[in-house]
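Before any comments, here is the structure.
The values are calculated or read from the model by the stated rules, or taken from the named source; none is laboratory data. Fair warning: this is a prediction, and the values are worked out from it, not measured in the lab. In this analysis, Cβ positions are derived from the backbone assuming ideal geometry, glycine residues included, and neighbour counts consider all displayed protein chains. Quick note on the areas: whole protein, heavy atoms, side chains included, nothing else; ligands and nucleic acids left out. Shrake-Rupley method; radii C 1.70, N 1.55, O 1.52, S 1.80 Å.
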Amino acid sequence: MTLYDELLKTGASDGSRLVRVERDQTRAVITLCDPERLNPLSAGLTVQLQAHLADLAADPSLRAVVMTGEDPAFCAGGDLDMIESGARAIQGAPGGSDTTDAWRWIRRQFGGVVRTITTTDKIFIAAVNGAAAGVGLAFALACDVIIASDRAVLVPAFGRLGLVPEVGTSWLLTRRLGYHAAMALYITGRHLDAAEAARLGLVQEVHPHDELLQAAQRWCDRIGAFPPHALEMTKPLLRAAADATWEQSLKLEEYAEANCFSTTALPAAAAAIKARTP
């Protein structure tokens, strides 16, 4: 059995409830639940998180998903015990553990989480309630809207572990901060509090800690007020625009916009606005 297979088996056999999902009609809150350890991405938590996300992504009635952690943290990132034992297995174990085992886990599990978040038609809201480190930070940054508690801290922990920015953070941080600022953040590993993260555009709002989930629910309310097709089409459009030229973006918009005219929501919304106009 390869190291990768062992990790999957370990994750599947973990009987602890490490992820909690609460659903209410068109919205859901998914919470990472290993608070004594600051919600690290152990094999068990990661496998459970993937399974729940797959269920949520497949639910056609769902419009918005809030992702958060059980206090005091959002997510401490990769499980350090798993990282250490995995590295030792790859470096020293006879009989077959090699870099591809780590690659499979990073791609299929960690990468699987962010691909679900970014490609599903649900709008994901990260409610960062405390420390978000390493891959946990990557999960938050993959979401469509990011709000933070005044206790939140963004921790780019990759460099001090001897890791590269991973699971999409190199793409996002370079586009948000620019090359030099992203490199400086990687080298220093500087922790960003909620206020600085908001100033840099890494989070959209900062709220008192006890009001964070209510603020996330208000985002769900806004999402619920949209005709379903509008955000389903806008999410992939905006994500594609991050890599497209202006002309390519214009063409994507033209195709998407024309399709909106076939929906019943468009004339109804136009009529409602006309009725309110003096």
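Things worth noting here:
- In this view, the solvent-accessible surface of Cys143, computed with a 1.4 Å probe and all protein chains in place, comes to about 10 Å².
- By the Cα gyration tensor, the chain has an equivalent ellipsoid whose semi-axes, rounded to whole angstrom, run 35, 21, 20 from largest to smallest.
- Other residues whose C-beta falls under 13 angstrom from the C-beta of Cys260 contribute a net charge of -4, scoring Lys and Arg +1 and Asp and Glu -1.
- Shape category assigned to region 171-274 from the gyration tensor of Cα positions, a/c cut at 1.5: oblate
- Nearest-10 value in Å² for the accessible area of Phe110, using the 1.4 Å probe: 20 Å²
- Rounded if a/c under 1.5, otherwise prolate or oblate - region 72-189, Cα gyration tensor axes: prolate
- Values of log10 I(q)/I(0), in the order q = 0.14, 0.17, 0.24 Å⁻¹, for region 232-278 under a Debye, Cα-only, solvent-free model: -0.47, -0.61, -0.83
- Over region 1-145, relative contact order from alpha-carbon pairs under 8 Å, at least 6 apart, %: 28 percent
- Accessible-area value, Tyr4, 1.4 Å probe, nucleic acids and ligands omitted, Å²: 20 Å²
- For the chain, a simple Cβ point-charge model (Lys and Arg +1, Asp and Glu -1, everything else neutral) yields a dipole of about 500 debye relative to the Cα centre.
- Protein-only accessible surface order, largest first, of Trp103, Trp219, Trp246, Trp171 at 1.4 Å: Trp246, Trp103, Trp171, Trp219
- For Arg63, Arg239, the ranking by accessible surface with the largest value first comes to Arg239, Arg63, using a 1.4 Å probe.
- Among 120-129, 13-22, sorting by the average number of other beta carbon atoms lying within 10 angstrom of each residue, highest first, gives 120-129, 13-22.
- Rounded, prolate or oblate (a/c below 1.5 giving rounded, otherwise prolate when a/b exceeds b/c) for region 121-164 by Cα gyration tensor: oblate
- Of Glu257, Glu166, the residue with the largest accessible area leads and the full order is Glu257, Glu166 (1.4 Å probe).
- Within region 109-210: Cβ-based charge dipole about Cα centre, in debye rounded to nearest 20 (Lys, Arg +1; Asp, Glu -1): 300 debye
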